[in-house]
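Peer 1: Below you'll find the structure I mean.
The values are calculated or read from the model by the stated rules, or taken from the named source; none is laboratory data. Nothing here was measured: the structure is a model prediction, and the numbers come from that model. Neighbour counts run over all protein chains shown; Cβ positions are idealised from the backbone, glycine included.
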């Protein structure tokens, strides 16, 4: 097995990550583990030296990114379904512009209710403890910075028979007059079952009222998670030869004629960088065939950092090149990126330190606007000039 293949196997496992677990002992272990470590988190990248003082991004890459001075821009609510918990808050959302407004369709977390596991204070599974649950909500902004929760509609999915499922990590695209939402749905009581965990779909005409569709891969043999549907800079789904494309974690790609019925297949070539964050094309007039897949995961020593992979419409599953270093990393100088509270930087509120991930980016007035998670608790903004 090659070093890159071994790194991939260690990172993805069976589709459920150890850092999804909870409990005080696990929190402490993860807090110690989530710091820069080249030996542990190189992520399968080349060890060839890079002169960072003189390095410039290639023409195909998006960036460099600069963090907004007013970060974070969105925080857990004081109470309710998205009030957050130790290690999780409001993050990993999609951003779409509609009627002159920004819609942030985000993941919100709360502690798992105490009776979820039959009255046990901490629920034990065969892999350890799980102590949180998530749903999806919507917030709206005029400027992409100051967001207001749409509480009349939130939360979206954890109702009725879905009350005990966790909904996480959102991708939203528009096609014609319909918006399509894809996220991860988890059944904590059976979290290794690929027919009960994985990519979940819903549709909407207004981004506020959503109709559930169901699992995208109901007969999957292994867990399909982190859907990245290929889209243009205006968050419209892009078809290639009549088929839409979805990048999925751990060497999977899927195709669909209608954005609802998907068929996945195994890729023969892989790239380093961890999970899929976001897939965009039609961003370059000079190179209309280029595809950039943003990735998030172990990256040249960082526990989670954002990288970029170049692919092409000619063969969406074949990596052509990837950046040797990440375009977004967590920085200790920012408390909200170092597992600490914005209001009280001496207070530890998360076990995710060296951790940057996002699932939402849009183009607006000559800028790329990427909405990334700070310590998995806050939503922050990073921007890059459009070339």
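Peer 1: Pairs please, first residue from the stretch 48-75 and closer than 30 Å to residue 341 by Cβ, second anywhere and outside any strand (DSSP E or B) and modelled with pLDDT of 95 or more, Cβ atoms under 6 Å, 6+ apart in sequence or on different chains.
Peer 2: 63/57; 63/327; 65/327; 72/336; 73/145
Peer 1: Taking the residues in the stretch 242-257 that are touching a residue at least 40 places away in the same chain (Cβ under 8 Å), assigned to a loop (DSSP other than H, G, I, E, B) and touching a strand residue (DSSP E or B) at 6+ places or on another chain (Cβ under 7 Å) as candidates, determine which candidate is surrounded by the most Cβ atoms within 10 Å (Cβ to Cβ).
Peer 2: So the residue we want is 249.
Peer 1: Might you check whether a residue that is in contact with a strand residue (DSSP E or B) (Cβ under 6 Å, 6 or more places away or on another chain), surrounded by 23 or more Cβ atoms within 10 Å (Cβ to Cβ) and farther than 15 Å from residue 304 by Cβ occurs anywhere in the stretch 338-358?
Peer 2: Within the stretch 338-358, not a single residue is in contact with a strand residue (DSSP E or B) (Cβ under 6 Å, 6 or more places away or on another chain), surrounded by 23 or more Cβ atoms within 10 Å (Cβ to Cβ) and farther than 15 Å from residue 304 by Cβ.
Peer 1: Which condition breaks for residue 64 when tested against (1) over 21 Å from the mean Cα position of the chain (by Cα); (2) closer than 30 Å to residue 362 by Cβ?
Peer 2: The number of the failed condition is (1).
Peer 1: I'd like the full set of residues that are surrounded by 15 or more Cβ atoms within 10 Å (Cβ to Cβ) and more than 24 Å from residue 8 (Cβ to Cβ), limited to the stretch 37-61. Spell out how you get there, then give the answer.
Peer 2: From the stretch 37-61, those surrounded by 15 or more Cβ atoms within 10 Å (Cβ to Cβ) are 41-45, 57, 60-61; that's our starting set.
Within the stretch 37-61, just 57 meets the criteria.
Peer 1: Okay, moving on. From 127, 150, which residue is over 17 Å from the mean Cα position of the chain (by Cα) and modelled with pLDDT of 95 or more? Give the derivation first.
Peer 2: Working: 127 fails: modelled with pLDDT of 95 or more.
One residue alone meets the criteria, 150.
Peer 1: Go through (1) closer than 21 Å to residue 235 by Cβ; (2) touching a strand residue (DSSP E or B) at 6+ places or on another chain (Cβ under 7 Å); (3) touching a residue at least 40 places away in the same chain (Cβ under 8 Å) for residue 209 and report which single condition fails.
Peer 2: (2)
Peer 1: Is one or more of the residues making up the stretch 282-289 surrounded by 22 or more Cβ atoms within 10 Å (Cβ to Cβ), touching a strand residue (DSSP E or B) at 6+ places or on another chain (Cβ under 7 Å) and modelled with pLDDT of 95 or more?
Peer 2: The answer is no; no qualifying residue exists.
Peer 1: Among the residues of the stretch 186-241, how many are part of a loop (DSSP other than H, G, I, E, B), on the phi > 0 side of the Ramachandran plot and buried (at least 19 other Cβ atoms within 10 Å of the Cβ)? Steps first, answer last, please.
Peer 2: Residues of the stretch 186-241 part of a loop (DSSP other than H, G, I, E, B): 191-197, 205-209, 216-227, 230, 232-235, 238, 241.
With on the phi > 0 side of the Ramachandran plot added as a condition, the list becomes 207, 226, 235, 241.
Going one step further and asking which of them are buried (at least 19 other Cβ atoms within 10 Å of the Cβ), we end up with 207, 226, 235.
Within the stretch 186-241, residues that are part of a loop (DSSP other than H, G, I, E, B), on the phi > 0 side of the Ramachandran plot and buried (at least 19 other Cβ atoms within 10 Å of the Cβ) number 3.
Residues checked against (1) under 22 Å from the mean Cα position of the chain (by Cα); (2) at pLDDT below 95; (3) surrounded by fewer than 21 Cβ atoms within 10 Å (Cβ to Cβ); (4) under 23 Å from residue 185 (Cβ atoms):
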residue	(1), (2), (3), (4)
92	yes, no, no, yes
99	no, no, yes, no
110	yes, no, no, yes
119	no, yes, yes, no
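Peer 1: Starting from the stretch 172-193, keep only residues that are over 19 Å from residue 104 (Cβ atoms), then list their pairs with residues that are assigned to a strand (DSSP E or B) and modelled with pLDDT under 95 whose Cβ atoms are within a distance under 8 Å, requiring at least 6 positions of separation or different chains.
Peer 2: Qualifying pairs under 8 Å: 188/123; 188/125; 188/130; 189/125; 191/125; 191/130.
Peer 1: How many of the residues making up the stretch 356-370 are under 19 Å from residue 87 (Cβ atoms) and out of contact with any helix residue (DSSP H, G or I) (no Cβ under 8 Å at 6 or more places or on another chain)?
Peer 2: Looking only at the stretch 356-370, we keep the residues that are under 19 Å from residue 87 (Cβ atoms), and these are 356-359.
Within this subset, residues satisfying the condition of being out of contact with any helix residue (DSSP H, G or I) (no Cβ under 8 Å at 6 or more places or on another chain) are 357-359.
So the count comes out to 3.
Peer 1: Looking only at the stretch 364-385, filter to residues that are touching a residue at least 40 places away in the same chain (Cβ under 8 Å) and outside any strand (DSSP E or B); which one of those is surrounded by the fewest Cβ atoms within 10 Å (Cβ to Cβ)?
Peer 2: 376
Peer 1: Please enumerate the residues belonging to the stretch 258-272 that are surrounded by 19 or more Cβ atoms within 10 Å (Cβ to Cβ) and in contact with a helix residue (DSSP H, G or I) (Cβ under 8 Å, 6 or more places away or on another chain).
Peer 2: Selection gives 272 alone.
Peer 1: Would you mind stating whether residue 301 is surrounded by fewer than 22 Cβ atoms within 10 Å (Cβ to Cβ), modelled with pLDDT of 95 or more, in contact with a helix residue (DSSP H, G or I) (Cβ under 7 Å, 6 or more places away or on another chain) and closer than 25 Å to residue 372 by Cα?
Peer 2: On the way: surrounded by fewer than 22 Cβ atoms within 10 Å (Cβ to Cβ): yes; modelled with pLDDT of 95 or more: yes; in contact with a helix residue (DSSP H, G or I) (Cβ under 7 Å, 6 or more places away or on another chain): yes; closer than 25 Å to residue 372 by Cα: yes.
Spelling it out, residue 301 is indeed surrounded by fewer than 22 Cβ atoms within 10 Å (Cβ to Cβ), modelled with pLDDT of 95 or more, in contact with a helix residue (DSSP H, G or I) (Cβ under 7 Å, 6 or more places away or on another chain) and closer than 25 Å to residue 372 by Cα.
Peer 1: Kindly evaluate residue 177 against the criterion of being out of contact with any strand residue (DSSP E or B) (no Cβ under 7 Å at 6 or more places or on another chain) and under 29 Å from residue 366 (Cα atoms).
Peer 2: Values: out of contact with any strand residue (DSSP E or B) (no Cβ under 7 Å at 6 or more places or on another chain): yes; under 29 Å from residue 366 (Cα atoms): yes.
In short, yes.
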